[in-house]
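Visitor: The structure is given below, and queries will be raised subsequently.
The values are calculated or read from the model by the stated rules, or taken from the named source; none is laboratory data. Keep in mind it's a predicted model, so treat the numbers as computed, not measured. Here Cβ is always computed from backbone atoms with ideal geometry, including for glycine, and neighbour counts include all displayed protein chains.
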Amino acid sequence: MLIYYYDENNTYTHSDLIGDDAVMPANATKVAPLDGNGAGLYDPIKWHPETQTWTGATKEEYDAAHPADTASVTPTADQQAQAQQMLAMANLTNQVAMLQKTVATLMVQNADSKEEMKNV
């Protein structure tokens, strides 16, 4: 069975699964922390043992307590320079790999040409 725990201040802490024949802990309930419409609640979520109900903050209260981080993150000049260096290094690494393939192809072609010259 799924149970919902609350602390000494009746604040929701977590849920857990226990066996159907297990004893219900003193600080837990089978009542899900939902509003009257079956929707989830905003933190802080409080248990009311006298009414066997949960209540939570309003969306406005929650939003006020958890403001969105609106500051844009701008990389520093040093971070931008490092990013440019990494990009240049990646491009150079790619060019080296392409050159190695080209050299290998030319070596094979050269060996084939020498073999043909021998057989003439």
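Visitor: Quick one: S113 ticks every box in (1) more than 29 Å from the chain's Cα centre (by Cα); (2) among the small types (G, A, S); (3) modelled with pLDDT of 90 or more except a single one, so which number is it?
Guide: Unmet for S113, out of (1) more than 29 Å from the chain's Cα centre (by Cα); (2) among the small types (G, A, S); (3) modelled with pLDDT of 90 or more: (3).
Visitor: Just to be sure, is Y6 touching a residue at least 40 places away in the same chain (Cβ under 8 Å) and either among the hydroxyl-bearing types (S, T, Y) or touching a Gly at 6+ places or on another chain (Cβ under 8 Å) (or both)?
Guide: On the way: touching a residue at least 40 places away in the same chain (Cβ under 8 Å): yes; either among the hydroxyl-bearing types (S, T, Y) or touching a Gly at 6+ places or on another chain (Cβ under 8 Å) (or both): yes.
For Y6, the condition - touching a residue at least 40 places away in the same chain (Cβ under 8 Å) and either among the hydroxyl-bearing types (S, T, Y) or touching a Gly at 6+ places or on another chain (Cβ under 8 Å) (or both) - is met.
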